[in-house]
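For reference, the structure is listed below as C-alpha cells.
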Amino acid sequence: MEFQPTDTARLEWTGDALAIGLFEEAVELTDELVKLDEKLAGTLKELIDEVEFKGTTGSSAIARVGSHSQIRKIIIVGLGKPEELKLETLRRAAAATARLAKKEKCKTLGISFPALQDGRDATAQAIAEGIELALYQDLRFKSEPDDKGPAIERVDLLGLGGTEAAITRAHQISAGVILARELVAAPANSVTPITMAETAQSLASECGLALEILEREDCEKLGMGAFLGVALASDLPPKFIHMIYKPEGTPRRKVAIVGKGLTFDSGGLNIKAAGGIEMMKVDMGGAAATLGAAKAIGHLKPDVEVHFISAVTENMISGKAMHPGDILTASNGKTIEVNNTDAEGRLTLADALVYADKLGLDAIVDLATLTGACIIALGDDIAGLWSPDDNVAAQFATASELAGEKFWRMPLEEKYFEGLKALHADMKNTGPRPGGSITAALFLKQFVKDTPWVHLDIAGPVWTDKENGYNSAGATGFGVRTLVNWVLGDG
Ligand code: BES
Ligand code: MN
Ligand code: ZN
C-alpha cells in the first residue's frame, strides 16, 4: 500500500472510493460539496439523508455512485464537533474509512479530511497511522488467510500535498507498533527469551544500535537475584537485553525504556487458574513495546540517547522453582520475601531498574503488564501511570495525548508500603488485594534511587478482545507511540 499526499481537489480526484470527513454541523452540504454532489448525481446528499448521517464520531457510511462515475464509491465519516477535533479523531476516522474501503474491495482510496490546527504534517501522520494500523492483519499462524479480498493499493491524502516526511514517519512508527503486536500475539512456544534476544539482535543490525545480551552468569555476577529467582524453573535461559540508540551529535538527553519481559507467566508455584493462564503469552507486552519503540526510534534518529532494557524470562514450575516464602537478594542489596510467586514481574523489573538507574540517565520509564488490579481499577482501555516526578509525568501526559493512548495518573501512596512489610526481609513482593497496582508501583520504587522515573502498568490495553478503532482484535502494540512521542518531545 502506498500513500500519496496531493493537492488534487476532491472534485478532480478519480478512483475507487472517495472518503469525505464531515463535522456534526456540516452535514448540510455547502459550496464545494454541493458541486461534488452534482458530479456524483446527488449520491452524497442521498446517502446522508438515507442513513440519517449526523457527523458524530464513530459514524460512517458508503454508497455506490452511478456506473459512469469516475469515483465508484463515496464514503462519509463523522468527525464530531469541529472545536473538539483531535489527532485521535482523525486516526480513528481514517481507520474506519480504510476498513470500509477494504470490505468494499476498493483498491484506490482518496481521503479528504480537514487538516488540524496542529498542522498538515501531524494530520497526514495521524491519517496514515490510522490506516496502516487498522489494515494490518496477522496471518503468521494461519495456514490460509480468512480474507482473500483485494488489498488497498493506493491512498491519496487530498489537500495534504508536501507531507511526504510525515507519511514516512507514520510508517516508521507503525512498523514499531506492528513489531510489538507480533511479539505479543505470538504464543509462548514461538516467542521465548531466546527469540526475544534474536529479535533484538536483528533490530540492532537493522538500525545500527549497540546491543549487549547478559547471560545468566553475567546476571549472577551483577547480583540480579530477583530476576534470576523468577528464571529458576524455566528450561529456557534468561536473557537480559540492553540495546542502545546513540545519536550522531551530543545527545540532548539520555533516557531508558525498561519493559517487563515474561514470555510466559504460569504464576509459578502460586499457579494461575484456567481463565487467565492461557493469556499469559501477553506478559512480555512491556518488552515488546520497548523493542517496537527501538525499531521506530532507530529509523527516526532523534537527538536523544535511548537505552532499551528488558530482563526476559519465563515464570514456570519445576523442582528448581522458587518456593513461596523464599528470600531473594536484588542487585541493589535489598532482600525480598516472595510471598507470591505470581508477583514475578516486579522481581524481574527490580534488577532491570537497578541496572538502568546506574547508567546515570535523565529519566527512566518502565512499562509492564504488571497487575490484574490495574485492570480492575482502570478497565481495558486505560493504562496506569505512577511517578514521583511531576515533570516526567507531565511529559507523558503530552506524549500520550498526541498518541491517543490513554493513561491515568495513580497515587504513589507511601502509607500503602506498610502492606509490603516483611518479618525477615526488607519487603515482601506482594501486598494485600486492595490497591494492588499501587503496592506494585511502590515496590518498584525501591529500586530506583537517583533517576526521575515513571512506571506504566499496561496490563489492560496490551490486548483487545474486540476491534476498537485502528486496533483489530488481539495485540494492540500499546505504548510504542507514546514512548516515541516522549523520546521525540521537548523533555
Ligand atoms: N502478569 C500478571 C498480570 C496480568 C494480569 C497481566 C492480567 C495481564 C493480564 C502478573 O504477573 C500477575 O500475575 N499479577 C498478580 C499479582 C498478585 C499475585 C499480587 C495479579 O495481578 O493477580
Ligand atoms: Mn504473575
Ligand atoms: Zn506477570
### Message
Residues that are in a helix (DSSP H, G or I), surrounded by fewer than 19 Cβ atoms within 10 Å (Cβ to Cβ) and out of contact with any strand residue (DSSP E or B) (no Cβ under 6 Å at 6 or more places or on another chain): does region 58-74 have at least one?
### Response
no
### Summary
Across region 38-48, the tally of residues that are in a loop (DSSP other than H, G, I, E, B) and either of a type in the set (Phe, Trp, Tyr) or surrounded by 20 or more Cβ atoms within 10 Å (Cβ to Cβ) (or both) stands at 1
### Query
If you check 314, 305, 248, which single one turns out to be over 15 Å from residue 188 (Cβ atoms), touching a strand residue (DSSP E or B) at 6+ places or on another chain (Cβ under 8 Å) and acidic (Asp, Glu)?
305
### Message
Contact list please: Cβ distance under 7 Å, first residue in region 234-247 and polar (S, T, N, Q), second residue modelled with pLDDT of 95 or more and part of a loop (DSSP other than H, G, I, E, B), pairs at least six apart or on different chains.
### Response
234/316
### Query
What are the residues in region 259-285 that are under 24 Å from the mean Cα position of the chain (by Cα), part of a loop (DSSP other than H, G, I, E, B) and buried (at least 24 other Cβ atoms within 10 Å of the Cβ), if any?
260
### Query
Is it the case that region 316-339 has a residue that's of a type in the set (S, T, N, Q), within 16 Å of ligand 3 (Cβ to nearest atom) and surrounded by 23 or more Cβ atoms within 10 Å (Cβ to Cβ)?
no
### Task
For region 258-275, state whether one or more residues are free of Cβ contacts under 8 Å to residues at least 40 places away in the same chain and either within 15 Å of ligand 3 (Cβ to nearest atom) or of a type in the set (A, V, I, L, M, F, W, C) (or both).
yes
### Query
From the list 351, 357, 381, which residue is in contact with a Leu (Cβ under 9 Å, 6 or more places away or on another chain), more than 19 Å from residue 422 (Cα to Cα) and modelled with pLDDT of 95 or more?
351
### Query
Could you list, in sequence order, the residues of region 10-37 that are of a type outside the set (A, V, I, L, M), over 22 Å from residue 102 (Cα atoms) and either in contact (Cβ under 8 Å) with a residue 60 or more places away in the chain or surrounded by 13 or more Cβ atoms within 10 Å (Cβ to Cβ) (or both)?
23, 24, 35, 37
### Query
Can you name the residue in region 392-432 that is farther than 30 Å from residue 90 by Cα, touching a helix residue (DSSP H, G or I) at 6+ places or on another chain (Cβ under 7 Å) and in contact (Cβ under 8 Å) with a residue 40 or more places away in the chain and is also farthest from ligand 1 (Cβ to nearest atom) among such residues?
427
### Message
Filter region 365-395 down to the residues that are of a type in the set (A, V, I, L, M, F, W, C), surrounded by fewer than 22 Cβ atoms within 10 Å (Cβ to Cβ) and within 13 Å of ligand 3 (Cβ to nearest atom) and list them by number.
### Response
373, 375
### Query
Has region 435-446 got at least one residue that is surrounded by fewer than 19 Cβ atoms within 10 Å (Cβ to Cβ), outside any helix (DSSP H, G or I) and basic (Lys, Arg)?
no
### Task
Report, ordered by the first and then the second residue, all pairs with beta carbons closer than 7 Å, sequence separation of six or more or different chains, a first member in region 277-295 that is on the phi > 0 side of the Ramachandran plot, and a second member that is near ligand 1 (Cβ under 10 Å from one of its atoms) and not aliphatic (A, V, I, L, M).
none
#### Entry: Candidate set from region 252-286 (those that are aliphatic (A, V, I, L, M) and more than 23 Å from residue 322 (Cα to Cα)); member that is farthest from ligand 1 (Cβ to nearest atom)
255
### Task
Residue by residue through region 321-337, note down the ones that are closer than 11 Å to residue 226 by Cβ and touching a strand residue (DSSP E or B) at 6+ places or on another chain (Cβ under 6 Å).
327, 328, 329, 335, 336
### Query
Quick check, is residue 370 within 16 Å of ligand 2 (Cβ to nearest atom), under 20 Å from the mean Cα position of the chain (by Cα) and assigned to a loop (DSSP other than H, G, I, E, B)?
yes
### Message
Can you tell me which residue is farthest from residue 279 (Cα to Cα) among those in region 330-353 that are touching a Lys or Arg at 6+ places or on another chain (Cβ under 8 Å) and away from ligand 2 (no atom under 16 Å from the Cβ)?
### Response
332
### Message
Need the failing condition index for residue 294 against (1) more than 16 Å from ligand 3 (Cβ to nearest atom); (2) assigned to a loop (DSSP other than H, G, I, E, B), just the number.
### Response
(2)
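Here is a yes/no grid of residues against (1) aromatic (Phe, Trp, Tyr); (2) closer than 26 Å to residue 481 by Cβ; (3) over 24 Å from the mean Cα position of the chain (by Cα); (4) not in a helix (DSSP H, G or I):
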| position | (1), (2), (3), (4) |
| --- | --- |
| 394 | no, yes, no, no |
| 399 | no, yes, no, no |
| 407 | yes, yes, no, yes |
| 412 | no, yes, no, yes |
| 418 | no, no, yes, no |
### Query
Looking at (1) in contact with a Phe, Trp or Tyr (Cβ under 8 Å, 6 or more places away or on another chain); (2) more than 16 Å from ligand 2 (Cβ to nearest atom), which is the one condition that is false for residue 450?
(1)
### Message
Given the options 302, 324, name the one that is away from ligand 2 (no atom under 16 Å from the Cβ) and not in a strand (DSSP E or B).
### Response
302
### Task
Read through the list (1) in contact with a Pro (Cβ under 9 Å, 6 or more places away or on another chain); (2) at negative phi, then give the number of the only condition that residue 159 fails.
(2)
### Query
What are the residues in region 261-283 that are more than 12 Å from ligand 2 (Cβ to nearest atom) and either closer than 19 Å to residue 482 by Cα or touching a His at 6+ places or on another chain (Cβ under 7 Å) (or both), if any?
261
### Query
Does region 458-486 hold any residues that are crowded, with 24+ Cβ neighbours inside 10 Å and under 26 Å from residue 305 (Cβ atoms), and which are they?
458, 477, 478, 479, 480, 481, 482, 483, 484, 486
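The values are calculated or read from the model by the stated rules, or taken from the named source; none is laboratory data. Being a predicted model, the structure only gives us computed values, none of them experimental. Ideal geometry is used to build each Cβ from the backbone, glycine not excepted, and the neighbour counts take in all protein chains shown.
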